[in-house]
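Only one structure is covered here, and it is reproduced in the block below.
Values quoted throughout were computed directly from the atomic coordinates according to the rules given, and no laboratory measurement underlies them. Computed from a predicted model, the values in this text were never measured in an experiment. Here the Cβ positions follow ideal geometry from the backbone for every residue, glycine too, while neighbour counts run over all protein chains shown.
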Amino acid sequence: MNIAVVPAKNEQGRIGKVLTMLGETRIDRIIVVVNGSRDNTMREIKSLNMPNVEILYFKPELGVDIPRAIGAYRAFKEGACCVVFVDGDMIGNMLDHINDLISAVKDSGIDLAMTNCYPEIVYGNELTQQLLIFRKLLNVNLGIYHKVGVSTPSHGPHAVSRKFLKKADFRDFAVPPVILAFAVKQDFCVDVATSLPQSKMGSKVRGFYHAVKIAETIIGDTLEALNYFNDKPRTRIYLHREFQGYNPRRRFDILEKFLKKN
C-alpha cells in the first residue's frame, strides 16, 4: 500500500487541490495531519468526500515537521510499503513527480527517494546561498553529493520504503536531514527520483521573516544531522552561532505522547 502523508495548517483554498492531485496518482491512502488550523481546512477536506483520506486532528500547532513524524508512524502502523510526504500547500502540478517517487521505492528499490528542487543552482539571494552551502556541506560529508547534489528531505516531496521505516526512529522524521544521515549511515539506498524546481511547486508565499526562520531551521537541522552522522552531540552550532529557527516550536512532547499511545 502506498500512503501519502500531508501536513496541513491553515491551508484553506489549497488543501483540496493537493488531495485531488494525490487522488490521481498511485497513492492508495492519504493521511492528513491537520494541526493548529484556524480556517476552514477541515471543512474543505471533508467536502471532498474522498473515502481514502484519513484525518489526524490536533488543535495546537505541532510545529514544522512534527506532522511528518506523526504521519509516518501512522502510515507504518497501517502497513504502508511506501510513504510519500507532500506539504499541504504545494498546489503545483506534481502528479508525475509523485508517481516517480513511488516507482523509485516500489520498482527500483530506493529506500529514501528525494526530489531535486535545484536542477540548476542559481543563488538568487544571500539567504539561499547560505542555505545551499550547508546542504552541500552535509551531502559532501555523507558522500552522496555527487549523486544527489543539494537535495534534502527538508525540501520537496520525498518517499521512504517500509524497510526504512522498520529501522528508523520516528522522532527523526521531525528533523528531516537526520533521516538522510541515518539512511546513509545504515547503508540504505538513497537517490534522487525526480526533478521539480522550487518555482514549480506552487508553495505558499509567506514573506521574508518566514524565509529567514525556515532557513535557520534547515541549517540547524543540517548541523544536527552532521553531528549525528559523526557520532557527536546533536548540537545546532556553527562557528559559535546557534541556528534554531522554528526548532523551539516543534512539539516533540505531543509527538512522544502519540508514539506511546498508538
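Key figures
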| item | result |
| --- | --- |
| Distance between modelled label sites at Lys185 and Leu95, nm, 7 Å Cα→Cβ extension | 4.1 |
| Förster radius 30 Å - calculated FRET efficiency between Glu54 and Ser199 (Cβ-Cβ, nearest 0.05) | 0.45 |
| Separation of alpha-carbon centers, the stretch 86-164 and the stretch 229-262, rounded to whole Å | 21 |
| The chain - charge dipole about Cα centre, Lys and Arg +1 at Cβ, Asp and Glu -1, debye rounded to 20 | 680 |
| Relative contact order for the chain, counting Cα pairs under 8 Å that sit 6 or more residues apart, in percent | 22 |
| Rounded if a/c under 1.5, otherwise prolate or oblate - the stretch 2-261, Cα gyration tensor axes | rounded |
| Out-of-range pairs (alpha-carbon distance over 19 Å; input Lys136/Lys185; Lys9/Lys167; Lys163/Lys185; Lys17/Lys213; Lys59/Lys200; Lys147/Lys185) | Lys9/Lys167; Lys17/Lys213; Lys59/Lys200 |
| Mean Cβ count within 10 Å, highest first, over the residues of peptides 17-30, 235-248 | 17-30, 235-248 |
| Over the chain: helical MRE at 222 nm, DSSP H runs n ≥ 4 each giving -39500 (n - 2.57), nearest 500 | -12500 deg cm²/dmol |
| Computed over the stretch 123-262: relative contact order in percent, which uses C-alpha pairs under 8 Å that are six or more apart | 25 |
| Choice from Ala104, Ala168, Ala159 with maximal GNM fluctuation in the chain (Cα, 10 Å cutoff) | Ala168 |
| Ranked list, fewest to most other Cβ atoms within 10 Å of each Cβ, for Thr128, Thr41 | Thr128, Thr41 |
